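The values are calculated or read from the model by the stated rules, or taken from the named source; none is laboratory data. The shown structure was predicted, so the numbers you read here are calculated from the model rather than taken from an experiment. No Cβ is skipped: glycine too gets one built from the backbone with ideal geometry, and neighbour counts run over all protein chains shown.
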Amino acid sequence: MTKANYPVNKFKALQTPFYYYDLEVLRATLSEINAQTAGKSFQVHYALKANVNPLVLKTIKDAGLGADCVSGGEVQAALDAGIPASKVVFAGVGKADWEIELGLDNDIFCFNVESIPELEVINEMAGAKGKIARVALRINPNVSAHTHHYITTGLNENKFGINLTDLDKVTDLVLTLPHIKMEGIHFHIGSQITDMSSFEDLSVKVNEIQEHFESRGVKLEHINVGGGLGINYEHPNHFPIPDFQSYFNIFSKHLTLRTGQTLHFELGRAVVAQCGSLISKVLYVKEGTSKKFAILDAGFTELIRPALYQAYHRIENLTSELPEEKYDVVGPICESSDTFAKDYSMNATQRGDLIALRSAGAYGEIMASQYNLRKLPKAYTSDDLAI
Ligand SMILES: *Cc1c(COP(=O)(O)O)cnc(C)c1O
């Protein structure tokens, strides 16, 4: 069984649980994104909601990615990290007035707008400031992402975006609003998408919608296809970098851009998931009637994805090379859902062993809570722990 390269001796001196980010993995991922988009009119925005660790964010900014934000807090974090406002997009079904104001005051690249009332509010607020807000309409393309139903967003039944049946009505309105400039269209069909045909379906839909706009005399400056590219949770050591080549090629091949048009992406998980691990210590190994429990000092307060989405994270015992045994790997929180894995094979485990929960760089630390009055986890990077 291959394990990742961790500075285990350094880990032993640290208070667990904590997040560990391998910036070499992150830099390699970002290089691959830049290599696969070089020479194309593509702009990748990093979806901040996946992870806002300052060093992670700085590394992403240094690679030249823009930002995709879903709250005023994220817009501010992107700007604070030095990402230029001209590369910041702001999405979300429920933008509060102060959040819209923040975007307007900083002249962000684009508001991705999800409803008529939101358009009217942005128009009014931009007017009061004597500004014109650049917007893209978030359209719900009714394309299935073939992923967990909690993380599909592009079907008619989801709360996100403007449904195709309402598109003409919204377009009629948007063209009459004096403080709105409609520059683009935006889509985001879901997350952890591993079936690439979903992105092909999306491209085909985008082409149809673009033709529809053109038939109405509306010219679009950019198209934003959102994020959602999945990662390999089963084999993080063999597939540390997602297949960006296939991903970007699908859009190059199937989505027809007009001259001068730019294509925007909003990748979160695919950028940061594989660089992060949650490092935890085994508190107790408890013998149940028919199974063994490895009780960790990390629980769903540090990593909620297994409890929330039945998500799988690979688990490695970093300090044991003993033959494998099966465990239910659980946390200390007073809820039965505080279980990371059942009947999981890992090297025979004892109290004090260090455990890595892999592929936890996205939607891990950022979703941590203080439930049970626990402390929020600290985070270290490979740069912090370098010799
Ligand atoms: C969450 C989100 C993303 C990023 O999704 P990933 O699956 O992490 O790539 C992109 N765009 C929008 C609008 C989002 O809400």
*Candidates Glu118, Glu114, Glu74 - the one that is within 16 Å of the ligand (Cβ to nearest atom) and in contact with a strand residue (DSSP E or B) (Cβ under 7 Å, 6 or more places away or on another chain)*: Glu114
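In the range 213-231, how many are outside any loop (DSSP other than H, G, I, E, B) and in contact with a Gly (Cβ under 8 Å, 6 or more places away or on another chain)?
Of the range 213-231, the ones outside any loop (DSSP other than H, G, I, E, B) are 213-215, 222-224, 229.
Of the ones still in play, those that are also in contact with a Gly (Cβ under 8 Å, 6 or more places away or on another chain) are 222-224.
Of the residues in that region, 3 qualify.
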*Which of the residues spanning the range 254-274 are over 17 Å from the mean Cα position of the chain (by Cα) and in contact (Cβ under 8 Å) with a residue 12 or more places away in the chain?*
His254, Leu255, Thr256, Leu257, Arg258, Gly260, Gln261, Thr262, Leu263
*asked:* Condition check: on the phi > 0 side of the Ramachandran plot and modelled with pLDDT under 90. Does Asn142 satisfy that?
replied: yes
*Return yes when Glu214 is in the same structural domain as Val113 (by TED's automatic domain parsing), without any contact (Cβ under 8 Å) to a residue 24 or more places away in the chain, out of contact with any Ser or Thr (no Cβ under 8 Å at 6 or more places or on another chain) and under 13 Å from Pro141 (Cβ atoms) and no when it is not.*
no
*From (1) within 15 Å of the chain's Cα centre (by Cα); (2) part of a loop (DSSP other than H, G, I, E, B), pick out the condition that doesn't hold for Gly94.*
(1)
*Give the number of residues within the range 275-331 that are in a strand (DSSP E or B) and of a type in the set (Val, Ile, Thr).*
7
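Yes or no, residue by residue, for (1) in contact with a Leu (Cβ under 6 Å, 6 or more places away or on another chain); (2) closer than 22 Å to Ala67 by Cα; (3) at pLDDT below 95:
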| position | (1), (2), (3) |
| --- | --- |
| His179 | no, no, no |
| Phe199 | no, yes, no |
| Gly217 | no, no, yes |
| Ile223 | yes, yes, no |
| Tyr233 | no, no, no |
| Ile241 | no, yes, no |
| Phe244 | no, yes, no |
| Thr256 | no, no, no |
*Matching option when the condition is under 18 Å from Pro54 (Cβ atoms), among the aliphatic types (A, V, I, L, M) and in contact with a helix residue (DSSP H, G or I) (Cβ under 8 Å, 6 or more places away or on another chain), among Val135, Val70, Val88*: Val88
*Kindly check whether there is at least one residue in the range 72-82 that is under 19 Å from the mean Cα position of the chain (by Cα), at pLDDT 95 or above and not in a helix (DSSP H, G or I).*
yes
*Could you please let me know if Glu101 is at pLDDT 95 or above and within 26 Å of Gly130 (Cβ to Cβ)?*
yes
*For residues in the range 355-377 being among the charged types (D, E, K, R) and in contact with a Pro (Cβ under 9 Å, 6 or more places away or on another chain), which is farthest from the ligand (Cβ to nearest atom)?*
Arg374
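Consider Leu229 carefully, then state whether it is surrounded by 14 or more Cβ atoms within 10 Å (Cβ to Cβ), more than 14 Å from the ligand (Cβ to nearest atom) and in contact (Cβ under 8 Å) with a residue 24 or more places away in the chain. Spell out the reasoning first.
Details: surrounded by 14 or more Cβ atoms within 10 Å (Cβ to Cβ): yes; more than 14 Å from the ligand (Cβ to nearest atom): no; in contact (Cβ under 8 Å) with a residue 24 or more places away in the chain: yes.
No.
Hey, can you tell me all the residues within the range 171-212 that are in a helix (DSSP H, G or I) and closer than 26 Å to Lys131 by Cβ? So that I can check it myself, show each step before the final result.
The initial filter retains those residues of the range 171-212 that are in a helix (DSSP H, G or I), namely 171-174, 197-212.
Thr171, Asp172, Leu173, Val174, listed by residue number.
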*Would you tally the residues in the range 232-274 being away from the ligand (no atom under 16 Å from the Cβ), among the charged types (D, E, K, R), over 22 Å from Val329 (Cβ atoms) and not in a helix (DSSP H, G or I)?*
1
*Would you mention how many residues in the range 332-375 are more than 28 Å from Ile241 (Cα to Cα), out of contact with any strand residue (DSSP E or B) (no Cβ under 8 Å at 6 or more places or on another chain) and part of a loop (DSSP other than H, G, I, E, B)?*
9
*Which one of these does Gly217 not meet: (1) among the small types (Gly, Ala, Ser); (2) loosely packed, with under 15 Cβ neighbours inside 10 Å; (3) within 15 Å of the ligand (Cβ to nearest atom)?*
(3)
*What tally of residues in the range 322-347 results from selecting those that are under 20 Å from Glu234 (Cβ atoms) and touching a helix residue (DSSP H, G or I) at 6+ places or on another chain (Cβ under 6 Å)?*
1
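So is Thr59 of a type in the set (S, T, N, Q), in contact (Cβ under 8 Å) with a residue 60 or more places away in the chain and part of a helix (DSSP H, G or I) or not? Step through it out loud before you land on a result.
Numbers: of a type in the set (S, T, N, Q): yes; in contact (Cβ under 8 Å) with a residue 60 or more places away in the chain: no; part of a helix (DSSP H, G or I): yes.
No, not satisfied.
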_Close pairs from the range 350-362: first closer than 16 Å to Phe11 by Cβ, partner among the acidic types (Asp, Glu) and part of a loop (DSSP other than H, G, I, E, B), Cβ under 9 Å, at least 6 apart_ = Leu357/Glu302; Ala360/Glu302
